[in-house]
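A quick write-up on the structure given underneath.
The values are calculated or read from the model by the stated rules, or taken from the named source; none is laboratory data. On a predicted model such as this, the values are computed, not experimentally measured, just so you know. All Cβ positions, even for glycine, are placed from backbone atoms using ideal geometry, and neighbour counts span all protein chains on display. Accessible surface is based on the protein model in full, side chains and every heavy atom, while ligands, DNA and RNA are left aside. Shrake-Rupley method; radii C 1.70, N 1.55, O 1.52, S 1.80 Å.
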Amino acid sequence: MNKLILVGNGFDLAHGLPTSYRDFIDDIWKNLATNHSSPELRKVFELGDDLVRFLLKKNVENFNDFNTLMNNSVSGDISYRQDILFAENKFLRRVLLKVKNDFFILINSKNSIENWVDIENEYYSELKKIVKSNNVTRIKKENVLKLNREFNDIKNLLIRYLKIKIQNVYKLLEVEDLKTFKNLLELFKPNSYFANDFETEEFSLKGDKIYIEKFKEEEKTKGAPIGQTYIVNFNFTDYTFLYQLELEAFKIIASTNSIHGEVKAEGFQPVFGFGDEMDEDYKLIENLDDNEYLRFFKSFQYFQNNCYNGVLEFIEESKFQVCIMGHSCGLSDRVMLNTIFENKNCRSIKVFYHQKEDGTDNYTDLVKNMSRHFKDKPLMRRKIVNKEYSSPLPQNVRFKKIEKKE
C-alpha cells in the first residue's frame, strides 16, 4: 500500500536543526547588536549606537536576558518600557531601542507561543479582531495593511535566519552516520511484502487487510515493491529529497513535495500564514470583498505552483496510509489535512510521536490536534492508529556541517 508522509518542524528538530520558533526568536535577541543593520532587522528595530555598544559587551541568549539587562540598566536618565519595547535616554532625548512592529511585540509578550503554528494562529486571531471591530471600513483597512506588513517582515526575518543558520551551516544532503539514517529511512518505505515493520493491525477494516494481503502477494510474485512513497514537506528546508533518493536506490517509486516552498527556491516564496477555511469566522472575512484580508491564507499562496495539485493527484490515485513525522497537525493547516484525512483512499493514520528524555510523549496531544481536522468523528476513530502500533520518531540523525574557510 502507498504511504503518504507528512513532515513538519519536529522532523527538522529530530535531525538536530535549530529551526524551532524558540531557536529563531532567541537568535534575534542574542545577535541583535551584531545584526541590527541588516535590511530585515532594520524594518523591525531601531537601535541607538549607545545600546549597540552596550549589548556587544554583554552576554544575551534570549529575550528574557535582554529584558532583565534593560530593567537592571534603567536609571534616572534612561527609561525602558517592556510593553512596547521602547527605551530612551531621557536627558539626551536619544532613542536606544524602538521596535516598530506591533505584531513582533505581541508574540514576544506571550509565553504561550512555542511553535510556528502558534504564530500563525496569533496572526489569524489579530485578523479576526480587526474584522469584528466597530471601526469604519477605512480604519479596518489601515489596520489590516499594517498587520500584513508586520507579519511579512517577520516572515522575511525567518527566511534570513534559515539561510544563515541552516543553509550556510549544514550539508543537508550528507549525514554524519549512515546507520542512524537508514534506521529512519525504513519508516519511509511503503507498506509492502518487503517492509520489516508492517502490521495489518494498523488498519481497522477487514476489507483493507484483504487488500493488503493481495497487494503483498502481487509484490511477492513480481519480486519487487510496487507501493509508492509520497513525502509532503511542510518545512522550508529541502533535505527530504535525500530520503527520496535513497528510496529510489531500493527501486521504490518516491516523490517529495515541498508544499510550503523552500528558502532557496526561485519563484516560490515560502508559504507562511493560516489555512483554516473551516473556521466559523472565515465567511465574515471572505464577505468583506477585499483581497487584502485574504493575503496570508495558505490556500491562495498554494496557487504559486502545482504542489497542492500534486498532493490531490496522489491521494486520488490509490489507497494509502498517512504517517505523521514531526507535524503538529495544528489548525493553520486544517483545510489541507482535512482533505487528506477524510479522503476515501486514506485508510489509516499512523503517528510517529516525540518521546522526551523524561519518558513522556506527545502522542495524545497529536491525536487531539488531528481530531479537529475531522468533520466525521467516527471516521477519525477508525483511521487513527492506536498507540500500541505507533512509535517514537528517531531523534539521532545529524547532518555534516559546512567547513568554514579560514
(request) Of the numbered conditions (1) in contact with a strand residue (DSSP E or B) (Cβ under 8 Å, 6 or more places away or on another chain); (2) closer than 20 Å to THR19 by Cβ; (3) open to solvent by less than 40 Å² (accessible area, probe 1.4 Å); (4) modelled with pLDDT of 90 or more, PHE236 fails exactly one; give the number of that condition. (result) (1)
(request) Using the structure shown, decide if ASN101 is open to solvent by less than 20 Å² (accessible area, probe 1.4 Å) and polar (S, T, N, Q). (result) yes
(request) Please specify each residue of segment 177-218 satisfying the condition of being open to solvent by 60 Å² or more (accessible area, probe 1.4 Å), closer than 22 Å to LYS251 by Cβ and assigned to a loop (DSSP other than H, G, I, E, B). (result) TYR193, PHE194, ASN196, ASP197
(request) Among the residues of segment 350-363, write down those that are over 18 Å from GLU201 (Cβ atoms) and either within 19 Å of the chain's Cα centre (by Cα) or surrounded by 12 or more Cβ atoms within 10 Å (Cβ to Cβ) (or both). (result) HIS354, GLN355, ASP361, ASN362
(message) Return the pair list, or none, for Cβ contacts closer than 8 Å from residues in segment 377-394 that are touching a residue at least 60 places away in the same chain (Cβ under 8 Å) to residues that are part of a loop (DSSP other than H, G, I, E, B) and open to solvent by less than 30 Å² (accessible area, probe 1.4 Å), at least 6 apart or on different chains.
(response) LEU393/GLY326
(message) Out of the helices (runs of 4 or more DSSP H) lying entirely within segment 1-49, which hold 2 or more residues that are closer than 29 Å to GLY326 by Cα and acidic (Asp, Glu)?
(response) 21-30
(message) SER332 - would you say it is among the small types (Gly, Ala, Ser) and outside any loop (DSSP other than H, G, I, E, B)?
(response) yes
(message) Test of understanding: among GLN269, GLN244, GLN321, which residue is among the polar types (S, T, N, Q) and assigned to a loop (DSSP other than H, G, I, E, B)?
(response) GLN269
(message) If ALA265 meets every condition in (1) under 30 Å from LEU331 (Cα atoms); (2) modelled with pLDDT of 85 or more; (3) surrounded by fewer than 18 Cβ atoms within 10 Å (Cβ to Cβ); (4) of a type outside the set (Lys, Arg) apart from one, which number is that one?
(response) (2)
(message) Looking only at segment 145-156, count every residue that is surrounded by fewer than 21 Cβ atoms within 10 Å (Cβ to Cβ) and either among the β-branched types (Val, Ile, Thr) or under 28 Å from SER328 (Cα atoms) (or both) and tell me the total.
(response) 6
(request) Output the number of residues of segment 116-134 satisfying the condition of being surrounded by 13 or more Cβ atoms within 10 Å (Cβ to Cβ) and farther than 17 Å from ASP276 by Cα. (result) 1
(request) Considering each residue of segment 153-179, count those that are free of Cβ contacts under 8 Å to residues at least 60 places away in the same chain and more than 20 Å from LEU242 (Cα to Cα), and give that number. (result) 1
(message) Looking at segment 55-98 only, could you name the residues that are of a type in the set (S, T, N, Q), open to solvent by less than 50 Å² (accessible area, probe 1.4 Å) and either touching a residue at least 24 places away in the same chain (Cβ under 8 Å) or within 18 Å of ASN31 (Cβ to Cβ) (or both)?
(response) ASN62, ASN67, ASN89
(request) Considering only segment 279-305, state which residues are part of a loop (DSSP other than H, G, I, E, B) and either of a type in the set (Asp, Glu) or within 20 Å of the chain's Cα centre (by Cα) (or both). (result) ASP279, GLU280, ASP281, ASP289, ASP290, ARG295, PHE296, ASN305
(request) Taking the options HIS327, HIS373, name whichever one is open to solvent by less than 20 Å² (accessible area, probe 1.4 Å), on the phi < 0 side of the Ramachandran plot and in contact with a Lys or Arg (Cβ under 8 Å, 6 or more places away or on another chain). (result) HIS373
(message) Criterion first (of a type in the set (A, V, I, L, M), in a loop (DSSP other than H, G, I, E, B) and without any contact (Cβ under 8 Å) to a residue 40 or more places away in the chain) does ILE226 satisfy it?
(response) yes
(request) Kindly provide the set of residues from segment 160-174 that are open to solvent by 20 Å² or more (accessible area, probe 1.4 Å) and of a type outside the set (Phe, Trp, Tyr), ordered by number. (result) ARG160, LYS163, ILE164, LYS165, GLN167, ASN168, VAL169, LYS171, LEU173, GLU174
(message) Which of the numbered conditions does THR200 fail, given that it passes all the others? Conditions: (1) modelled with pLDDT of 95 or more; (2) touching a Lys or Arg at 6+ places or on another chain (Cβ under 8 Å); (3) β-branched (Val, Ile, Thr).
(response) (1)
